[in-house]
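**Q** The structure follows.
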Amino acid sequence: MCGIVGYVGKHKAAPLILEGLKRLEYRGYDSAGIAVWQDGKFAVAKKTGRVANLEPEAAKLRLTGTYGMGHTRWATHGGVTDANAHPHVSSDGKIVLIHNGVIENYASMKKFLLGKGYTFKSETDTEVLCNLIAYHLAKEAEDPDESRFVSAVRKTLRHAEGTYGIVVMCSEMPGELVTARKGSPLILGIGDGESLVASDVAAIVSRTQSVVYLKDGEIAHLTPQRFAITTLTSGEVSPVIDKVTWSISDADLNGHAHFMEKEIFEQPAALENAMRGRFSEDGSTANFGGLNITAGEFRGFDRFQFCACGTALHACMVTEHLMERFARVPVECDYASEFRYRNMPLFRNTLFFVMSQSGETIDTLAAMREAKRKGYKVLAINNVVGSTIAREADGGIYQHVGHEVGVASTKAFTSQLLIGAMLSLYVARLRDMSFSEGVEIVQALKGSPELVRTALQQAEHIKGIAKRYAKYRDMLFLGRLSLYPIALEGALKLKEISYIHAEGYPAAEMKHGPIALVSEECPAVFFVSSGEMFNKVVSSMQEIKARKGKIIAVATADCKLPEGLADEVIPIPECHEAVLPIVATIPVQLLSYYVAVELGRDVDKPRNLAKSVTVE
Ligand code: M6R
């Protein structure tokens, strides 16, 4: 969603800010803006569309100042216009503000400010916040203990309901940035004679790897040489400086046409990284360092509850299947956005898991907080180290797959599947699973990178299929048991990057409605393995065929499909059920990617989407 970059130091701010904004493009946005302190006042440029549209506008201003901020906006309040883009300037010209999040009580604030003579150029809640800071600044007396600027921001935020990550500049204190968060991530970058702030490490990692993750309710005051953090309500806090472990090359294409393609092909290595050092010495189970729950405590839980959104929820659904099968423990999965409001009756001995690549998805975070509020332990499966979810969880498992840039999650998803399978194994081995069954699963999981490499060899074949099928406007994805969530994932992948309407269903459920869609115009992608469901899936395929629907079968190599049943077959290697969902995912990632490329879509920045959804 929206991106934030702020800079104060000795170098020209504009090029650093624009580069930072480009590094945040993957998060999704519809307009961009920049403000730099220049010749005793703020110079501001704002433009709808890409950062590339903003660059010529910024160039016209000949920005040389060393104090500035930039923003990419994903519209919430007010349409996509130049005026609504950030930064916003207060009507007295003293305060400049960028903001991620939503100020829910902005209407009453605006009414108050209009009464005081403040004027507005946009329809945004952000401009209201900006003017309220200006109002408090005008009233604030000099205080030996705190800068007037910080006090004005603090007073304003005490009135703000909703979520925010803000960066503020003030014409009375040029060279100082004030930044604060509640619900929207912010990271401070501590450089050599320079300070930075961003909503995502990607924007600042080229300048520094020393960062401080700001917590909810904290305000930071930055100058080139120093930074101080206080809370909204009380005194100074001692910050922890973390080291970012990935470098800027992780955010480069390295010869690929798109990040999605790069990340699809990175999956064998990503899986290796996700499981490295996580199997027991006797080779019969998985080990995780950060659970913060003993094996004995784990054994005491009677149920597991998973919450997540989008692709991550699909990974939870596969985990549910494997955990119930291997460990014989009841598992529930829920959309985090629904769970947080359902007030669902819960069993006392329930352990919670949330899954989130970014660790910033607002609904997942809220579901986690709701579970914690009710006294449940929550573990997080998460990729971004230091994310809000990772920090607030009682423990968890990092995915360790590096920076995922493509909006369409690929390597993060398969690593979530892998971790879900490892977790299922871990729980099963604490219960009834035998040593030899454990060893068999460990061996299967260790073999998953090689199986994925084999599946990736179908890329050219799948590209050919994509060319033939890109013309369709609807598609069904059908699978059973652990491959049903992969059908959901295939449909999600296709629609989010190609804008083709697609639906995922359990194959047998098709007869209860979706079959009405089937015709020559609506192909179906089936997932078929040689296991217990083979005959049933073949029957469903026949029902589609009888209605002239084209069939693409993603089938394990040992499946003997009736001659002529499938129009296209994408073979995948025969494998253990613990890794089957991982391997079956690869063809649908490639199919969606090549269809989107064929249609000329903006694969890494699909319309209306954001990499991490930080507003409700
Ligand atoms: O960062 P998260 O895993 O919490 O994100 C959840 C969803 O927003 C995300 O998986 C989304 O569905 C992806 N665009 C799917 O490719």
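The values are calculated or read from the model by the stated rules, or taken from the named source; none is laboratory data. It should be emphasised that the depicted structure is a prediction, and the values quoted were computed from it without experimental measurement. Ideal geometry is used to build each Cβ from the backbone, glycine not excepted, and the neighbour counts take in all protein chains shown.
**Q** Would you confirm whether or not segment 72-95 contains a residue that is at pLDDT 95 or above and touching a Pro at 6+ places or on another chain (Cβ under 9 Å)?
**A** No: segment 72-95 contains no residue that is at pLDDT 95 or above and touching a Pro at 6+ places or on another chain (Cβ under 9 Å).
**Q** What are the residues in segment 331-361 that are within 9 Å of the ligand (Cβ to nearest atom) and of a type in the set (A, V, I, L, M, F, W, C), if any?
**A** Residues satisfying the conditions are A336, V354, M355.
**Q** Pairs, please: C-beta under 7 Å, at least 6 apart or cross-chain, first residue closer than 26 Å to L580 by Cα and in the same structural domain as V579 (by TED's automatic domain parsing) and in segment 464-486, second basic (K, R) and modelled with pLDDT under 95?
**A** Note: pairs meeting the criteria are R480/K536.
**Q** May I pose another question? Does S448 qualify as being under 30 Å from P606 (Cα atoms) and either away from the ligand (no atom under 16 Å from the Cβ) or in contact with a His (Cβ under 7 Å, 6 or more places away or on another chain) (or both)?
**A** So S448 passes the test.
**Q** Would you please name the residue that is farthest from P581 (Cα to Cα), looking only at residues in segment 501-520 that are charged (D, E, K, R) and surrounded by 14 or more Cβ atoms within 10 Å (Cβ to Cβ)?
**A** Within segment 501-520, the match that is farthest from P581 (Cα to Cα) is E509.
Results for (1) at pLDDT 95 or above; (2) within 15 Å of the chain's Cα centre (by Cα); (3) within 16 Å of S612 (Cα to Cα), shown as yes or no for each residue.
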residue: L379; (1), (2), (3): yes, no, no
residue: V384; (1), (2), (3): no, yes, yes
residue: S387; (1), (2), (3): no, yes, yes
residue: D394; (1), (2), (3): yes, no, no
residue: V401; (1), (2), (3): no, yes, no
residue: V405; (1), (2), (3): no, yes, yes
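**Q** So in segment 369-394, with the set limited to residues that are part of a helix (DSSP H, G or I) and small (G, A, S), which one is farthest from the ligand (Cβ to nearest atom)?
**A** My answer is A371.
**Q** In addition: If G189 passes every condition in (1) closer than 23 Å to Q38 by Cβ; (2) among the small types (G, A, S); (3) assigned to a loop (DSSP other than H, G, I, E, B) but one, which one does it miss?
**A** The one condition G189 does not meet is (3).
**Q** Quick check: anything in segment 226-243 among the hydrophobic types (A, V, I, L, M, F, W, C), without any contact (Cβ under 8 Å) to a residue 60 or more places away in the chain and surrounded by fewer than 15 Cβ atoms within 10 Å (Cβ to Cβ)? Full working, then the answer.
**A** Initial filter on segment 226-243 (among the hydrophobic types (A, V, I, L, M, F, W, C)): 227-229, 232, 237, 240-241.
Retained after the next criterion (residues that are without any contact (Cβ under 8 Å) to a residue 60 or more places away in the chain): 227-229, 237, 240-241.
Applying the additional criterion that residues be surrounded by fewer than 15 Cβ atoms within 10 Å (Cβ to Cβ) yields 240-241.
So far as segment 226-243 goes, yes, one or more of its residues are among the hydrophobic types (A, V, I, L, M, F, W, C), without any contact (Cβ under 8 Å) to a residue 60 or more places away in the chain and surrounded by fewer than 15 Cβ atoms within 10 Å (Cβ to Cβ).
**Q** Name the strands (runs of 3 or more DSSP E) wholly inside segment 471-575 in which the number of residues that are among the hydroxyl-bearing types (S, T, Y), more than 16 Å from the ligand (Cβ to nearest atom) and in contact with a helix residue (DSSP H, G or I) (Cβ under 8 Å, 6 or more places away or on another chain) is 1 or more.
**A** Passing ranges, in order: 501-506, 551-556.
Let's see how each residue does on (1) away from the ligand (no atom under 16 Å from the Cβ); (2) touching an Asp or Glu at 6+ places or on another chain (Cβ under 6 Å); (3) in contact (Cβ under 8 Å) with a residue 12 or more places away in the chain; (4) under 18 Å from V442 (Cα atoms):
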site: Q267; (1), (2), (3), (4): no, no, yes, no
site: A274; (1), (2), (3), (4): no, no, yes, yes
site: L313; (1), (2), (3), (4): no, no, yes, no
site: E320; (1), (2), (3), (4): yes, no, yes, no
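**Q** How many residues, within segment 123-134, are more than 29 Å from the chain's Cα centre (by Cα) and touching a residue at least 40 places away in the same chain (Cβ under 8 Å)?
**A** Going through segment 123-134 one residue at a time, the tally reaches 3.
**Q** Separate question: State which residue is nearest to A610 (Cα to Cα) when the search covers only segment 408-444 and only residues that are outside any helix (DSSP H, G or I) and within 16 Å of the ligand (Cβ to nearest atom). Spell out how you get there, then give the answer.
**A** Residues of segment 408-444 that are outside any helix (DSSP H, G or I), as a first pass: 408-410, 431-434.
Now narrow it down to the ones that are within 16 Å of the ligand (Cβ to nearest atom): 408-410.
On the way: A408: 9, S409: 11, T410: 15 Å.
So, considering only residues that are outside any helix (DSSP H, G or I) and within 16 Å of the ligand (Cβ to nearest atom), the one nearest to A610 (Cα to Cα) is A408.
**Q** If we only count strands (runs of 3 or more DSSP E) wholly inside segment 192-240, which ones have 2 or more residues that are within 27 Å of the chain's Cα centre (by Cα) and farther than 18 Å from V168 by Cα?
**A** Because the criterion is at least 2 residues that are within 27 Å of the chain's Cα centre (by Cα) and farther than 18 Å from V168 by Cα, the strands (runs of 3 or more DSSP E) in segment 192-240 that meet it are 210-213.
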